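Only one structure is covered here, and it is reproduced in the block below.
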């Protein structure tokens, strides 16, 4: 079933008009800030923009040991996930009391953001209230689990992942997918629930400018050095060992470049120590800078501005928001066109598709960095392309989908 935003909008326009009523939506997620990842970013972006569309969002999310005051939500006491110090699992007993905490509050729709305990709690609450339940399928879990459950045979892990995804998705009223690649993946699993391709937008205004030289000076990078940048979770499924190996190969083949090249990796995660060790083994630890997580408002724009090329080796992304953030800053993107990232990279508007070969990736990366006229051209194209993914338009589309789902439920009630 091929779905496009144009088709969705045309169908919705027949039955409803935007702002016909104020809608109250309950979002529930197994992850949110201060835990930094794409799901948290997507939720925050929509929370910031849906209000203009007449959508009032209440978010339910785990409680974290770190302060969550900057990101208010109904916080559910949680415990640490085994073998995963970054994530939290909402306690089932506390989650069971959620209906009581929400007593007296009316909602028109439940939007589940993750397929763990939030899925079952959100679906149960929606069914009890007789309102639609939709989900956003953010993550291609089939390509994740073998990294974290290495003792489980990969074919078995894939089969279990597909079965679980099919069961969960077919229990819902609608599914939002951030790319056509994810739509096709779920369809191949046997998912029959209506799917709507709706990428998360980006707040263009937050990625308009940054302090290029200030960031470089702070991290000991020369004003005229060539900088390749990766931003994101430092995890095994992000294919970052490939990136470090490709960098080492490129520097071996271009020794004159080495003193004037830096690879900056911004983020944190379970693969960080292994990646740092890999850089030392390859004798490029002086060329790779790990800057950790950066504040999205103050530090991240400076980091983007300091780069000449954004490099993205991941092959598991359902969208790849960081690609668009970099491009909004005028930083050309260079990445492997796999899954959702392909829809950003393949148009070749401010982006270049990278080969899925370590030595070729590295060689092409340094060739791009050396070609300043091409980088300037790509930079201008990148800003225009990223502007087409602005958050307000995506919020309008999601608001229309919410109203459509609520309208259908009322028609069939």
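The values are calculated or read from the model by the stated rules, or taken from the named source; none is laboratory data. Being a predicted model, the structure only gives us computed values, none of them experimental. Here the Cβ is made from the backbone with ideal geometry for all residues, glycine too, and neighbour counts use every protein chain on show.
Output the residues belonging to segment 85-99 that are surrounded by fewer than 16 Cβ atoms within 10 Å (Cβ to Cβ) and under 28 Å from residue 404 (Cα atoms).
99
Quick check, is residue 360 at pLDDT below 95 and either closer than 19 Å to residue 207 by Cβ or out of contact with any strand residue (DSSP E or B) (no Cβ under 9 Å at 6 or more places or on another chain) (or both)?
In short, no.
Are any of the residues in segment 164-180 out of contact with any strand residue (DSSP E or B) (no Cβ under 7 Å at 6 or more places or on another chain), at pLDDT below 95, surrounded by fewer than 19 Cβ atoms within 10 Å (Cβ to Cβ) and outside any strand (DSSP E or B)?
Taking every residue of segment 164-180 in turn, at least one turns out to be out of contact with any strand residue (DSSP E or B) (no Cβ under 7 Å at 6 or more places or on another chain), at pLDDT below 95, surrounded by fewer than 19 Cβ atoms within 10 Å (Cβ to Cβ) and outside any strand (DSSP E or B).
Only residues that are surrounded by fewer than 17 Cβ atoms within 10 Å (Cβ to Cβ) and within 12 Å of residue 240 (Cβ to Cβ): list them for segment 274-289, please.
274, 276
Please return the ranges of strands (runs of 3 or more DSSP E) entirely within segment 31-149 where 1 or more residues are touching a strand residue (DSSP E or B) at 6+ places or on another chain (Cβ under 9 Å), at pLDDT 95 or above and over 19 Å from residue 398 (Cβ atoms).
The qualifying strands (runs of 3 or more DSSP E) are 55-62, 74-76, 78-81, 84-90.
Return a yes/no flag: does segment 297-307 have any residue that is assigned by TED's automatic domain parsing to the domain that holds residue 379 and modelled with pLDDT under 95.
yes
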